[in-house]
1. If R₀ is 30 angstrom, what is the calculated FRET efficiency for the pair D129 and D69, using the beta carbon separation as r and rounding to 0.05?
2. Taking H as built 1.01 Å from N, whose amide H comes closer than 5 Å to the amide H of T131, not counting residues under 5 places away?
3. Nearest 20 debye, what's the magnitude of the dipole of the chain about its Cα centre given +1 on Lys and Arg Cβ and -1 on Asp and Glu Cβ?
4. Within the chain, what's the longest run with no trypsin sites (Lys or Arg not before Pro) in a DSSP loop and at most 14 other beta-carbon atoms within 10 Å? Give the range, please.
5. Under a plain spin-label model, where a point goes 7 Å from the Cα along Cα-to-Cβ, how far apart in nm are K4 and V24?
6. When we measure straight from the Cα of K92, which aspartates and glutamates land under 15 angstrom away, once same-chain ones fewer than 8 places off are left out?
7. Top mean-square fluctuation among Q127, Q47, Q19, Gaussian network model of the chain, C-alpha springs under 10 Å?
8. Report, in listed order, any pair from K4/K73; K89/K114; K65/K89; K54/K89 with a Cα-Cα distance greater than 22 Å.
Amino acid sequence: MPKKFIIEDSVWRILPDLQVATVVGHSHESLNQSGSIPEALLEQANQKAVQWVKADPISANPIIKDWRDVFHKFKTKRGARSSVESLLKRAKQGKGVGNINNLVDIYNSVSLEKAFPIGGLDLERLQGDLTLRVSAGAEKFFPIGE
């Protein structure tokens with residue numbers, strides 16, 4: 001488990017007004033399973049998400065513009081979108097965000113309802129300190145549940 005949460009200067013240079021919140025939950029085997037949270041959680045979140053993206057095209061919505069403005073401050077592949085935009089776009093198109101596992105479903109639900117990007121980490125698998133930095137693009141990534 002990490003000892004410290006560090007935000008590198010490279011992040012502050014790009015986003016000097018950044019605000020970060022963390023929530024730590026303790027491990028429970030049901031979080032890595034599917035189906036033990038209320039089935040309607042994601043369905044309700046997908047329905048609520050539409051309030052954020054009523055205009056067409058999706059880029060005409062103020063919340064999308066705000067997140068794009070932040071996202072474009074980082075080097076990305078052409079056409080890449082922030083996670084929250086991708087989630088809101090699926091909801092707007094009526095495709096909805098489906099079940100992955102309980103932990104991911106919970107934070108996707110909050111992200112959809114609040115139009116705010118949220119992610120999760122398995123702290124038991126991290127070694128050393130947890131550091132928020134500008135990605136070089138070649139970092140190893142292990143999805144939750146794998």
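1. Numbers: r = 30 Å, r/R0 = 0.99.
Efficiency, from the Cβ-Cβ distance: 0.50.
2. Sorted by chain and number, the residues that satisfy this are I6.
3. Values: 20 positive and 17 negative charges, 141 e Å.
Around 680 debye, computed over the chain.
4. On the way: sites that count: K3, K4, K54, K73, K75, K77, R78, K95, R133, K140.
With trypsin sites (Lys or Arg not before Pro) excluded where exposed in loops, the chain gives 5-53 as its longest stretch.
5. About 1.5 nm separates the two model spin labels.
6. E43, D56, E113
7. Per the Cα network of the chain with a 10 Å cutoff, Q19 tops the list.
8. Details: K4/K73 26 Å; K89/K114 14 Å; K65/K89 13 Å; K54/K89 10 Å.
Pairs exceeding 22 Å: K4/K73.
Readers should treat all values here as calculations from the given coordinates under stated rules, not as data from a laboratory. What you see is a predicted model; the values in this text were computed from it and never measured. As a convention, Cβ positions derive from the backbone with ideal geometry for all residues, glycine included, and neighbour counts pool all protein chains shown.
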